[in-house]
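Peer 1: One structure follows; several queries about it will come next.
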Amino acid sequence: MTPRIMVVEDEEPLSILLRYNLESEGYDVETVSRGDEAEIRLAEQVPDLLVLDWMLPGLSGIELCRRLRLRPETESLPVIMLTARGEESDRIRGLSTGADDYVVKPFSVPELMARVRAMLRRAHPQAISSLLRAGDIELDRDSHRAHRAGKELKLGPTEFKLLEYFLSAPGRVFSREQLLDGVWGRDIYVDERTVDVHIGRLRKAINRGRQRDPIRTVRGAGYSLDDKFLS
Ligand code: CA
């Protein structure tokens, strides 16, 4: 089951950024820019989690949240409220708006992603895990640690993200371009050879003292993590 997330945010650049990052985490994302429009969509279909801006045209995030709590279909829908600094009042601090959590803008995207994961895990413990595993390699997104055969791997931030990306689909071949988009992000210009350099570092870190290399170079296509070579 792919968790479905609705983002209600009227600042378009932020909405695009959130969609991009949530989709890279593997969620289905719907974005809406007005509070009243969100209310209509939520009456039709209830997502697994709602990221809700506080100040919205049409209907405020607070009022929308209050109304959602009155309907049985949405009374326990997990809600993360976004507020701008200065908008946070005692009301939101005490979460008496009915939101489960709130994040003050400007926030760091990884921090929001961690909260989303934590909240989905609470709501659907079986559907989402912070642990990714293939063979004897294990990566924990929350503690940001990775192990092979119980030994901690020393990975730089880029190698960690590369490994996380490979572990999201063991056996799948990713092109250098896909790895650039998924690991470095679309806005940054990085030479494709940079991917090769970081793959080299990742190989070194995970293969220390081992014969078989689970990272396959697929000529003309890219790279994959082959779990056949992990014991
Ligand atoms: Ca707003």
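The values are calculated or read from the model by the stated rules, or taken from the named source; none is laboratory data. Note that this is a predicted model, so its numbers are computed, not measured. Glycine also receives a Cβ, built like all others from the backbone with ideal geometry; neighbour counts cover every protein chain displayed. Surface accessibility is based on the protein's heavy atoms, side chains included, excluding ligands, DNA and RNA. Shrake-Rupley method; radii C 1.70, N 1.55, O 1.52, S 1.80 Å.
Peer 1: So is Gly185 touching a Lys or Arg at 6+ places or on another chain (Cβ under 8 Å), surrounded by 12 or more Cβ atoms within 10 Å (Cβ to Cβ), within 24 Å of Tyr20 (Cβ to Cβ) and among the small types (Gly, Ala, Ser) or not?
Peer 2: no
Peer 1: Considering only residues that are modelled with pLDDT of 90 or more and not assigned by TED's automatic domain parsing to the domain that holds Trp54, look in the range 115-139 and name the one that is most open to solvent (accessible area, probe 1.4 Å).
Peer 2: Glu138
Peer 1: Residues of the range 4-27 being within 11 Å of the chain's Cα centre (by Cα), surrounded by fewer than 19 Cβ atoms within 10 Å (Cβ to Cβ) and either free of Cβ contacts under 8 Å to residues at least 40 places away in the same chain or within 15 Å of the ligand (Cβ to nearest atom) (or both), which ones?
Peer 2: The answer is Arg19, Glu23.
Peer 1: Then there is this: Just the residues that are more than 18 Å from the chain's Cα centre (by Cα), assigned to a strand (DSSP E or B) and not acidic (Asp, Glu), please, taken from the range 121-171.
Peer 2: Ala134, Ile137, His147, Arg148, Lys151, listed by residue number.
Peer 1: Shifting gears a bit: Would you confirm, using the coordinates I've provided, whether Val183 is among the β-branched types (Val, Ile, Thr) and within 20 Å of the chain's Cα centre (by Cα)? Explain how you work it out, then say what you get.
Peer 2: Details: among the β-branched types (Val, Ile, Thr): yes; within 20 Å of the chain's Cα centre (by Cα): yes.
So Val183 fits the description; yes.
Peer 1: Shifting gears a bit: Restricting the search to the range 33-59, which residues are charged (D, E, K, R), within 11 Å of the ligand (Cβ to nearest atom) and either touching a residue at least 60 places away in the same chain (Cβ under 8 Å) or open to solvent by less than 50 Å² (accessible area, probe 1.4 Å) (or both)?
Peer 2: Answer for the range 33-59, where residues must be charged (D, E, K, R), within 11 Å of the ligand (Cβ to nearest atom) and either touching a residue at least 60 places away in the same chain (Cβ under 8 Å) or open to solvent by less than 50 Å² (accessible area, probe 1.4 Å) (or both): just Asp53.
Peer 1: For the range 62-114: of the residues being open to solvent by 90 Å² or more (accessible area, probe 1.4 Å) and within 16 Å of the ligand (Cβ to nearest atom), which is modelled with the lowest pLDDT?
Peer 2: By that ranking, first place goes to Arg85.
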